[in-house]
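The values are calculated or read from the model by the stated rules, or taken from the named source; none is laboratory data. Quick caveat: nothing in here was measured; it's all calculated off a predicted structure. Cβ atoms come from the backbone with ideal geometry, glycine included; neighbour counts cover every protein chain shown. Ligands, DNA and RNA are excluded from the accessible area calculation, which covers all protein heavy atoms including side chains. Shrake-Rupley method; radii C 1.70, N 1.55, O 1.52, S 1.80 Å.
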Amino acid sequence: MESITSYITDLGAAVALPFIIFVFALVLRQGAGDSLRAALKVGIGFIGINLVIGLLANVVGPAARAMAENFGIELTVLDVGWPASAAIAFGTQVGALAIPVGLVVNVVMLGIGLTRTLDIDLWNYWHIAFSGALVAVATGSTIAGVAAAAVHMVIILALADWSQPLIEDYYGFDNVSLPHGTSVAYAVFAIPMNALFERIPGLRDWRADPESIQQRFGVLGESTVLGAVLGLIIGILGYGFDDPRADSIAILALAINLAAAMYLLPKMVAVLMEALIPISEGAQSLVRKRFPGRTVYIGLDSAIAIGAPAVIAVSLLLVPITLLLAVVLPGNRVLPLVDLATIPFIVCIMVPIFKGNLIRSLIGGTVAMAATLYISTGLAAMVTETSASVGFDSGEGATEISSLVDGGNPLSGLIVLAGRMGWAGLAILAVLGVAFAYLIKSMVSRRAEVEEEPAL
Amino acid sequence: MKRVLIVCGTGVATSTVVADKVRKHLAAVGIEAKIEQTKVTELHRGAKGYDLVVATTQVPASVDAPVVKGLSFLTGMGVEETLAEIEQKLSD
């Protein structure tokens, strides 16, 4: 048995995952030829991601270490971003089980009326795979990891149900909820903060215009430009300019390499996703058949909410704020890179809670990013270990890696914390999670009754 | 050759699903088109040179190409209507 497990581990996710996907695709009747192509593409996506992580670690890693030596800016944990985090998550043993387990949890919760959301956005099951994989590493038990992922799913669905009316009002999506592991987690920050802001007179009425911010700071939303500028800054701080020839070469090379990494990482994930489309659709139609005509919220990727001007404006302003926080917050070791482009996902449910008010969202977002940096620092060792376990090469000098999404996610943090306490911790979290879902369910039913009362 | 830009929050996730469906449909009805994906934050200077934008999220006002909402591809409801709208806007 042990020799089989070690054989699979040595194969690495890039080889092992295609076999799993091939079987999934066959089961979902995709035909042998298409299944094979999908399986190979998943492997190719993995290889691509591995190459770019290697590039990031080998090029940015030494510069970050030099920056730490020169200025005492200890930002040596590289933020490899959500594309790498998702791949790491799906590459683990827990990851291979996350989609079926997540679907079963969802279907059971729908069956007993504990949720109204049918989460058909299977790609984003990587969030539960991620926390589950970290718990598996912390406990040494895959089963504990799968259990953690299941609990994570319960909490995400409850938060999606709760936030659905906000989403419907603010973004105008009918009967759509956003059970997205990153976005819903930050509702937990936004709700108490908004209640607080309501009591502060000045803050209550202070407004700013999102359209003009989008125009003025729009360039911060372009990964290529942002990557190049960050590379220049890190390069100058890291290498200095005492040898103009060598240093200018190193600095310029870093700029282009970082721009390349930030542009290419999501492209590599697109390869992976293309392959997963037929599987995701097969599973979707399978689940849909079981719930024909029932009033459910369709759970989608919060990517659909990102375009709102207030979300973009807040996210753009949070890019420099997050970089500044990373430098000034004592104890933070994460150098924000790839996920500077993912900030919209962190704020897109916070913004409707703050009723689209930019100033409130910006303050709320700043607090959320500070927490994210600390959680990401705390989970870095585990993320690095998990990443190595699926065969990702984090470069020479054993560069530590983490991410803001989901390495800095408060829900991941909570679940890993529970997982570290072993089965007792997980059991407590499971009970709390189900109780929370039940509480939300009663709230949602009351809300529905109020809506159905005829207007006088 | 028409140029179609598919837009979502990441330029990777939902836009890959939409791009796949639009590509297959246009091939089936014999409209030659080059399909590209991007994320919405890259669009602050507009979408120059594209005949059509299909977006699963709100696009900025700077985009002057015709825009079709692509949410139906994700929910699975109203896909036929959206495909017909895309076809019609590309034939104009």
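What are the residues in region B:19-45 that are within 11 Å of the chain's Cα centre (by Cα) and under 20 Å from A:Thr342 (Cα atoms), if any?
Passing the criteria: B:Gln37, B:Thr38.
Among the residues of region B:1-18, which ones are under 11 Å from the mean Cα position of the chain (by Cα) and either more than 22 Å from A:Cys348 (Cβ to Cβ) or more than 10 Å from every other protein chain (Cβ to nearest Cβ) (or both)?
Result: B:Arg3, B:Val4, B:Leu5, B:Ile6, B:Val18.
Confirm whether B:Lys69 is under 30 Å from A:Ile213 (Cβ atoms), within 14 Å of chain A (Cβ to nearest Cβ) and surrounded by fewer than 18 Cβ atoms within 10 Å (Cβ to Cβ).
In short, yes.
Here is a yes/no grid of residues against (1) open to solvent by 10 Å² or more (accessible area, probe 1.4 Å); (2) modelled with pLDDT under 90; (3) away from chain A (no Cβ under 12 Å):
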position	(1), (2), (3)
B:Lys34	yes, no, yes
B:Gln37	yes, no, no
B:Ala47	no, yes, yes
B:Asp51	yes, no, yes
B:Val54	no, no, yes
B:Val59	yes, no, no
B:Leu83	yes, no, yes
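A:Leu110 - would you say it is touching a strand residue (DSSP E or B) at 6+ places or on another chain (Cβ under 9 Å), under 19 Å from A:Ala437 (Cα atoms) and not small (Gly, Ala, Ser)?
yes
Please go through (1) among the charged types (D, E, K, R); (2) under 18 Å from the mean Cα position of the chain (by Cα); (3) over 30 Å from A:Ser223 (Cβ atoms) for A:Asp169 and return the number of the only condition it doesn't satisfy.
All conditions are met except number (2).
Identify the single condition in (1) within 21 Å of A:Asp339 (Cα to Cα); (2) among the hydrophobic types (A, V, I, L, M, F, W, C); (3) not in a helix (DSSP H, G or I) that A:Ala260 does not satisfy, given that it satisfies every other one.
(3)
Out of the residues in region A:3-42 meeting the condition of being over 14 Å from A:Ala96 (Cα atoms) and under 24 Å from the mean Cα position of the chain (by Cα), tell me which one is surrounded by the most Cβ atoms within 10 Å (Cβ to Cβ).
Once the filter is applied, the top-ranked residue is A:Ala38.
Here are some residues: A:Glu274, A:Glu222. Which one is of a type in the set (D, E, K, R), open to solvent by 30 Å² or more (accessible area, probe 1.4 Å) and touching a helix residue (DSSP H, G or I) at 6+ places or on another chain (Cβ under 8 Å)? Full working, then the answer.
Numbers: A:Glu222 fails: open to solvent by 30 Å² or more (accessible area, probe 1.4 Å).
Criteria check complete, one pass: A:Glu274.
Please determine whether any residue of region A:133-142 is of a type in the set (S, T, N, Q), within 14 Å of chain B (Cβ to nearest Cβ) and either touching a residue at least 60 places away in the same chain (Cβ under 8 Å) or open to solvent by 10 Å² or more (accessible area, probe 1.4 Å) (or both). Break it down into steps so the answer makes sense when it comes.
Within region A:133-142, the first condition is being of a type in the set (S, T, N, Q), and the residues that meet it are A:139, A:141-142.
Restricting the remaining residues to those that are within 14 Å of chain B (Cβ to nearest Cβ) gives none.
Taking every residue of region A:133-142 in turn, none turns out to be of a type in the set (S, T, N, Q), within 14 Å of chain B (Cβ to nearest Cβ) and either touching a residue at least 60 places away in the same chain (Cβ under 8 Å) or open to solvent by 10 Å² or more (accessible area, probe 1.4 Å) (or both).
Condition check ((1) within 12 Å of another protein chain (Cβ to nearest Cβ); (2) modelled with pLDDT of 90 or more; (3) out of contact with any Asp or Glu (no Cβ under 8 Å at 6 or more places or on another chain)) across all residues:
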| position | (1), (2), (3) |
| --- | --- |
| A:Leu226 | yes, yes, yes |
| A:Asp247 | no, yes, yes |
| A:Asn257 | no, yes, yes |
| A:Arg288 | yes, no, yes |
| A:Tyr297 | yes, no, no |
| A:Ala308 | yes, no, yes |
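Spot the failing condition for A:Leu114; the list is (1) more than 19 Å from B:Thr14 (Cβ to Cβ); (2) open to solvent by 10 Å² or more (accessible area, probe 1.4 Å); (3) out of contact with any Lys or Arg (no Cβ under 6 Å at 6 or more places or on another chain), and only one is missed.
(3)
Of all residues in region A:357-385, count the ones that are open to solvent by less than 20 Å² (accessible area, probe 1.4 Å) and more than 16 Å from A:Asp79 (Cβ to Cβ).
6
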